[in-house]
Amino acid sequence: MNAVIKRWAAAGETKVPYWVYTDNVVYQSELERIWYGPHWLYAGLEAEIPTVGSYRTTTLGERSVIVIRGAEDQIFVLENRCRHRGVKICQARSGKIDTITCPYHQWSYALDGALQGVPFRRGIKGKGGMSADFSPSDHGLTRLKVEVVNGAIWASFSNSTPPFREYIGEELWASYEQLFSGRRLRVVGYNRQSIPANWKAMEENFRDPYHSALLHVFLATFGLFRPDQSGEMRMDKTGRHSYMLSLPPRAESALSEKEDIKHELAFDASLQLADKRLVEAVRELKGDTTVRGVAVFPGTLLLQQLNSLQVRQCIPKGPNGFELIWTYFGFEDDDDVMRQRRIRHGNLFGPAGLVSADDGEVMAWAHRSFKETDETGDVILEMGKGGRETKNEGHMATERTIRGMYQYYREVMGL
């Protein structure tokens, strides 16, 4: 990969040049250095492939992969590309198979990706066929590095990626365990959303408490989130991962007419919900919070919103677009009441719900502006400014964790 020609100004992470979001040379370098580099990418849940031979296909970076259970206690992530002529082998999103067979020339692979069959390898009636030195062991499907961590499947294209717990750091490990404790999971449903913006805009959004009650007026209107409520922002030592927790607003801190914050929140207190079950939650995880999120770089958010438990997986589609896959999950021992509650809350916070639709819209607007201004402007990230960005904070008026991510990003990208 050729070096990126453009240089990021000395202003540092408080100003992100527009071209970082739109330049194709930058994007191609991101694929090699980040998505196919020493980073863990979310590949799925164990619960999605419960039996031997069950599989799902997904995309990591821009590469299609097969996530498959090869044995009772073995999960493999394989590039979905035949080693013969490069054909995408599995077209379906999910299924169950005994062998992995390419539709073009019927090369067949075992569930661990090992090549086990080549039609006419010895030729036909002694004529043709593969050369005598052809070795099936050298032509298996490309196998990624895999760790299954408390029910979540993580994969990496690089063998030098550190163990997952070391990767996210001890600062965030306890937060990860709150969502993935090892309790057996059950999938509740899926959403898929295409957004015409750069994938890093989603990374920023994962780490941005500043917008939560300003853009998402539903949250403030119905008491789910306020910018003055107690919370916590935390990063790992590298700055690439972050954790956000917010506690429910306390009754004694209710807004008054004299508070300036009243005028910053464009909500209408006269609005009422016809079905209040939409915002009613029961405590189920450790702690009092009903909103928490762990952002795992690059491209994954593990999230609790009320009783909706989600994984949001970002898939880059060039510099000017990305796909967001939402996987909603619960626990194997959930009763029907809890399952319906999870579905209800998932719909509230999903891409067509009353909250998250806002994010996709404003990211698209911003990206359109980046291109219209000939990429000469800068995104300003100065909320909560100060020092090397590894400090944790107990308030929401900050963009510190976004700057922490960009400090790491610049180092990896050589910008």
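The values are calculated or read from the model by the stated rules, or taken from the named source; none is laboratory data. All figures in this text were calculated on a predicted structure; none of them were measured in a lab. Cβ: placed from backbone, ideal geometry, glycine included. Neighbour counts: every protein chain shown. Each accessible area value is taken on the protein alone, full model and side chains, heavy atoms only, with ligands, DNA and RNA left out. Shrake-Rupley method; radii C 1.70, N 1.55, O 1.52, S 1.80 Å.
Brief remarks follow.
- Among the residues of segment 55-94, those identified as free of Cβ contacts under 8 Å to residues at least 60 places away in the same chain, more than 17 Å from residue 143 (Cβ to Cβ) and under 23 Å from the mean Cα position of the chain (by Cα) are 91, 92, 93, 94.
- Segment 258-282, subset open to solvent by 80 Å² or more (accessible area, probe 1.4 Å) and modelled with pLDDT of 85 or more, residue farthest from residue 247 (Cα to Cα): 274
- Of the strands (runs of 3 or more DSSP E) lying entirely inside segment 112-215, the ones with 3 or more residues being within 18 Å of the chain's Cα centre (by Cα) and surrounded by 14 or more Cβ atoms within 10 Å (Cβ to Cβ) are found at 145-149, 152-156, 185-195.
- Residue 376 buried (at least 19 other Cβ atoms within 10 Å of the Cβ), in contact with a helix residue (DSSP H, G or I) (Cβ under 9 Å, 6 or more places away or on another chain) and among the β-branched types (Val, Ile, Thr): no
- Leading residue by the ranking (farthest from the chain's Cα centre (by Cα)) among those in segment 283-301 that are at pLDDT 85 or above and not hydrophobic (A, V, I, L, M, F, W, C): 283
- If only residues of segment 25-54 that are out of contact with any strand residue (DSSP E or B) (no Cβ under 9 Å at 6 or more places or on another chain) and free of Cβ contacts under 8 Å to residues at least 40 places away in the same chain are counted, the one that is nearest to residue 149 (Cα to Cα) is 32.
- Within segment 323-373, considering residues that are open to solvent by less than 60 Å² (accessible area, probe 1.4 Å), out of contact with any strand residue (DSSP E or B) (no Cβ under 8 Å at 6 or more places or on another chain) and among the basic types (Lys, Arg), the one nearest to residue 181 (Cα to Cα): 341
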